[in-house]
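The values are calculated or read from the model by the stated rules, or taken from the named source; none is laboratory data. Everything numeric here is computed off the predicted structure, so don't read it as measured data. Heads up, the Cβs are rebuilt from the backbone with ideal geometry, glycines too, and the neighbour counts pull from every protein chain shown.
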Amino acid sequence: MDNQGSLRGPRFAEAQQRLARFNRRRLTPSLAAADWRQALRGDVDELLFEGAFLDAALNEVASLLDDVPGDADRFVGWFESLRTTGPGQNDPLFPWLAETASHEQMIWFLRQEIAGEAGFDDLVALSQVKMPQRAKLEMARNYWDEMGRGNPKGMHGPLLERLADHFDIHTTIEGTQPEALAVGNVLVGFACNRRYAFQSIGALGVIELTAPTRAGYVAEGLRRLGVPAKARQYFSLHAILDVRHSAAWNDEVLRPLVAEDPRRARPLAEGALLRLLCGARCFERYRAEFGLIEERHAA
């Protein structure tokens with residue numbers, strides 16, 4: 001795959017657009033076509049391309065895995081420490097969004113974030129398949145919250161769509177920064193391939209762990225810019241709800257999975273660290289767009 005497997009390679013943008021188009025196609029419900037055999041043969045090439053990218057990307061966090069503990073309690077402690085020590089944490093971008101970003105700058109930021117959103121509810125649904133009972137039950141509870149607990153008005157996906165509609169944001173693959181596309185591509189790749197099942201769970205868990213602070217800053221920036229409470233509900237909700245989700249995920253998903261088999265600790269950690277690294281690369285790119293000169297190393 002040459003350098004397009006890297007999160008910074010010269011063909012990075014081309015690779016992320018290709019993967020994003022593949023993910024859009026494979027996740028979109030469709031009717032059976034007469035030429036499905038030919039399409040399936042094409043999918044093999046895309047899956048091999050995706051696998052090469054994911055393996056190369058995972059190699060970028062390999063140096064951060066030396067101290068990952070196999071004991072369940074210690075692993076959860078290590079995982080929770082990522083809230084402050086993980087790549088991209090405490091990035092100055094978010095206080096700036098809360099306090100300074102203009103209307104146009106906030107729209108640019110939201111366009112990237114919306115384009116890179118892979119759908120947490122669908123990712124959880126894909127990741128929970130055949131997982132042990134205790135983990136599966138907590139993932140089901142998480143999914144039910146994402147689905148508004150049966151109330152269409154509370155579904156998290158439409159809440160984000162409401163914000164996009166407020167700003168009249170329309171996204172395209174070609175018009176999205178490749179760093180933002182990579183976030184979604186990594187998450188979908190993990191969730192759709194069972195060989196990365198535990199990386200997927202680690203990545204989803206670290207989203208719940210680290211999102212509340214960032215979501216709170218974005219919600220504050222939207223409030224400052226006069227966005228109605230109903231339109232900014234997606235971010236204000238996640239600033240609060242994900243705190244509870246994270247605690248439950250760590251105790252009911254991560255802890256029992258590692259207690260049952262300590263070998264799972266490493267792939268769980270890999271997924272978490274790669275998701276954080278992808279986020280950190282996004283923040284770096286966004287700061288460059290906004291002319292924020294403070295340097296920050298993602299890893």
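Taking the range 192-299 and the helices (runs of 4 or more DSSP H) fully enclosed by it, the elements with 1 or more residues that are under 22 Å from Pro178 (Cα atoms) and β-branched (Val, Ile, Thr) are at 197-224.
So that you can scan it fast, the table gives a plain yes or no per residue for (1) more than 22 Å from Trp78 (Cα to Cα); (2) buried (at least 19 other Cβ atoms within 10 Å of the Cβ); (3) β-branched (Val, Ile, Thr):
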| position | (1), (2), (3) |
| --- | --- |
| Gly175 | yes, no, no |
| Gln199 | no, yes, no |
| Ile207 | no, yes, yes |
| Ala215 | yes, yes, no |
| Leu225 | yes, no, no |
| Val243 | no, no, yes |
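Right, Leu181: modelled with pLDDT of 95 or more and either more than 18 Å from Glu284 (Cα to Cα) or in a loop (DSSP other than H, G, I, E, B) (or both) or not?
Details: modelled with pLDDT of 95 or more: yes; either more than 18 Å from Glu284 (Cα to Cα) or in a loop (DSSP other than H, G, I, E, B) (or both): no.
So Leu181 fails the test.
For the range 146-159, enumerate the residues that are assigned to a helix (DSSP H, G or I) and within 14 Å of Leu241 (Cβ to Cβ). Step through it out loud before you land on a result.
The initial filter retains those residues of the range 146-159 that are assigned to a helix (DSSP H, G or I), namely 146, 148-150, 152-154, 156-159.
Passing the criteria: Glu146, Gly148, Arg149, Gly154, His156, Leu159.
Sub-7 Å Cβ pairs linking a first residue in the range 125-145 that is without any contact (Cβ under 8 Å) to a residue 12 or more places away in the chain to a second residue that is surrounded by 14 or more Cβ atoms within 10 Å (Cβ to Cβ), at least 6 apart or interchain, are Lys136/Gln128, ordered by first then second residue. Kindly indicate whether Ala118 is within 30 Å of Trp96 (Cα to Cα) and among the small types (Gly, Ala, Ser). For Ala118, the condition - within 30 Å of Trp96 (Cα to Cα) and among the small types (Gly, Ala, Ser) - is met. Does Arg41 fit the bill of being modelled with pLDDT of 95 or more, surrounded by fewer than 17 Cβ atoms within 10 Å (Cβ to Cβ), farther than 16 Å from Asn185 by Cβ and of a type in the set (Lys, Arg)? Spelling it out, it is not the case that Arg41 is modelled with pLDDT of 95 or more, surrounded by fewer than 17 Cβ atoms within 10 Å (Cβ to Cβ), farther than 16 Å from Asn185 by Cβ and of a type in the set (Lys, Arg).
Here's the yes/no breakdown for (1) in a helix (DSSP H, G or I); (2) touching a Lys or Arg at 6+ places or on another chain (Cβ under 7 Å); (3) surrounded by fewer than 16 Cβ atoms within 10 Å (Cβ to Cβ):
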| residue | (1), (2), (3) |
| --- | --- |
| Arg25 | yes, no, yes |
| Leu31 | no, no, yes |
| Ala34 | no, no, yes |
| Phe53 | yes, no, no |
| Ala56 | yes, no, no |
| Gly77 | yes, no, yes |
| Ser81 | yes, no, yes |
| Gly88 | no, no, no |
| Leu97 | yes, no, no |
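Within the range 147-180, the residues that satisfy the criterion of being touching a Gly at 6+ places or on another chain (Cβ under 9 Å) and within 19 Å of Ala239 (Cβ to Cβ) are Gly148, Gly154, Met155, His156, Gly157, Pro158, Leu159.
Where residues in the range 107-152 are in contact with a Pro (Cβ under 8 Å, 6 or more places away or on another chain) and over 24 Å from Val227 (Cα atoms), which of them is surrounded by the most Cβ atoms within 10 Å (Cβ to Cβ)? Per the stated criteria, the residue is Ala135.
Any residue at all in the range 266-278 that's over 18 Å from the mean Cα position of the chain (by Cα) and either crowded, with 23+ Cβ neighbours inside 10 Å or over 15 Å from Leu97 (Cα atoms) (or both)?
Checked the range 266-278: at least one residue is over 18 Å from the mean Cα position of the chain (by Cα) and either crowded, with 23+ Cβ neighbours inside 10 Å or over 15 Å from Leu97 (Cα atoms) (or both).
Quick check: is even one residue across the range 246-255 of a type in the set (D, E, K, R) and under 23 Å from Leu160 (Cα atoms)? No, the range 246-255 contains no residue that is of a type in the set (D, E, K, R) and under 23 Å from Leu160 (Cα atoms). The conditions of being crowded, with 16+ Cβ neighbours inside 10 Å, of a type in the set (Gly, Ala, Ser) and at pLDDT 95 or above are not met by Ala62.
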